[in-house]
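Asks: To start, I am sharing the structure in question, which I have written as structure tokens.
The values are calculated or read from the model by the stated rules, or taken from the named source; none is laboratory data. Predicted, not measured: the structure shown is a model, and the values here were computed from it. Glycine also receives a Cβ, built like all others from the backbone with ideal geometry; neighbour counts cover every protein chain displayed.
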Amino acid sequence: MNKRSTIISLLLLVFLGTACKHEKSLQAYLVESSEKEGYMYGDLPVGLILNPKEDASEEVKATAKSIQKINAAFFKKTKNNEVAYQAEIATLKTIFTQKKYKTLGSVKTKGMHMKFYYTGDAAQIDEVITFGHSDKIGVGVARILGKNMNPASIMEMFGNIDINMNAIDLNQFKTIF
Amino acid sequence: MKKIILFITVTLLPLLSSAQSFFDQLEDMNNVDMVVITKDAFEILSKFENVQIENNQGMQIFNIIRDLNEFKMFSTDDATVANTMDVMSKKAIKKQNLTELMRVKDDDSRIKIYVKATKNKDFVSEVLMFIRDIDKNSMKNKEAVIVSLTGNIDINKISELTDTLVKESNKK
């Protein structure tokens, strides 16, 4: 290889190397937590739960399809796990410093901190995420995952669907409450 | 030449930082409740055209949100923090060159509203509300709320909202 192509391929390598920075994504975090000790994890198959009515418009059906799943992970705070609790908060906070997570808002009241994020853009949302922690309760993150979700049509959709409560495996959530 | 450019940039930098950075310290303090809503959220909310909102206050707020950039609210029932908020507001008002829009005195509530004027008389680019409850005997701050709004804000709608807020705090 001549000198120029060596330089170019080296540059490409460097570029690719920095591009794949291996920043932990929320997806990776959620998958890990389903295995971790002390974690409660729930996964709702939205497709089974939201059933568009027979006479619903194509638009409503498409909107229902745009919501793919809802998952949540929750780490309960006990007397003995202060260090682990703070570590989880720190990990999650780091994940959310990534540019793709845009802030919607935050609420802090009586020791309960909540932050809301989304990915995608305002008219076509891919994920809506709630991240909360409280020294009395624990730390948790919940995520609605979809494909180009449109907020206005989602509101409209709720008026035109049946929610199949039987499909929700409530046992997963029993331990939290 | 480079030095001059650097110097100008460094001097201008503090001016570019938003008003809200004044109050960021409050976020980490204990005894402070906080709500922050960002521009993206307002953009998304303004797309909900068909939503009905129950209470009057909510409706008033909804009409204002369409052109908002950021909303921040900090509140405390701790007297020391209330005093800190008082000092912070005064600093912010001076630094941002805000002008007083309204003053309300209602029983033991004191409300002051400041704005940053724009070329259009009915609109302001920033609103800062400082509400405090005082102990009538000692005249000391008991509770305080700071509300900061940036965006393209219609001041007539703000004064309507204040009336509602005063009535709410008197109900407590």
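Asks: Which residue out of A:E35, A:E54, A:E58 is loosely packed, with under 13 Cβ neighbours inside 10 Å and either aliphatic (A, V, I, L, M) or modelled with pLDDT under 75 (or both)?
Replies: Checking each option against the conditions leaves just A:E54.
Asks: Hey, can you tell me all the residues within region B:78-104 that are touching a strand residue (DSSP E or B) at 6+ places or on another chain (Cβ under 8 Å), free of Cβ contacts under 8 Å to residues at least 40 places away in the same chain and of a type outside the set (V, I, T)?
Replies: Those that are touching a strand residue (DSSP E or B) at 6+ places or on another chain (Cβ under 8 Å), free of Cβ contacts under 8 Å to residues at least 40 places away in the same chain and of a type outside the set (V, I, T): B:N97, B:L98, B:E100, B:R103.
Asks: Within 14 Å of another protein chain (Cβ to nearest Cβ) and modelled with pLDDT under 85: does that describe A:M157?
Replies: In short, yes.
Asks: With respect to B:V35, determine if the residue is out of contact with any Phe, Trp or Tyr (no Cβ under 6 Å at 6 or more places or on another chain), surrounded by fewer than 17 Cβ atoms within 10 Å (Cβ to Cβ), within 21 Å of A:L104 (Cα to Cα) and at pLDDT 90 or above.
Replies: yes
Asks: Right, next: Looking only at region B:87-120, count how many residues are within 13 Å of B:N152 (Cβ to Cβ) and of a type in the set (K, R).
Replies: Here the count works out to 2.
Asks: Another question, if that's okay. Of all residues in region B:128-144 being buried (at least 21 other Cβ atoms within 10 Å of the Cβ) and aliphatic (A, V, I, L, M), which is farthest from B:R103 (Cα to Cα)?
Replies: Going through the qualifying residues, I end up with B:A144.
Asks: Take region A:78-113 and flag every residue that is under 21 Å from A:S33 (Cβ atoms), without any contact (Cβ under 8 Å) to a residue 60 or more places away in the chain and of a type in the set (V, I, T).
Replies: Of everything in region A:78-113, those that are under 21 Å from A:S33 (Cβ atoms), without any contact (Cβ under 8 Å) to a residue 60 or more places away in the chain and of a type in the set (V, I, T) turn out to be A:T78, A:V83, A:I89, A:T97.
Asks: Also, I was wondering about something else. Would you point out the residue of region A:93-113, among those that are buried (at least 16 other Cβ atoms within 10 Å of the Cβ) and more than 10 Å from chain B (Cβ to nearest Cβ), that is nearest to B:A41 (Cα to Cα)?
Replies: Result: A:Y101.
Asks: For region B:80-87, state whether one or more residues are modelled with pLDDT of 90 or more, within 14 Å of chain A (Cβ to nearest Cβ) and crowded, with 18+ Cβ neighbours inside 10 Å.
Replies: yes
Asks: For region B:41-65, how many residues are within 18 Å of the chain's Cα centre (by Cα) and at pLDDT 80 or above?
Replies: Final tally of qualifying residues: 2.
Asks: Can you confirm whether region A:78-98 contains a residue that is part of a strand (DSSP E or B), of a type in the set (S, T, N, Q) and more than 24 Å from B:M73 (Cβ to Cβ)?
Replies: The answer is no, given that none of the residues of region A:78-98 is part of a strand (DSSP E or B), of a type in the set (S, T, N, Q) and more than 24 Å from B:M73 (Cβ to Cβ).
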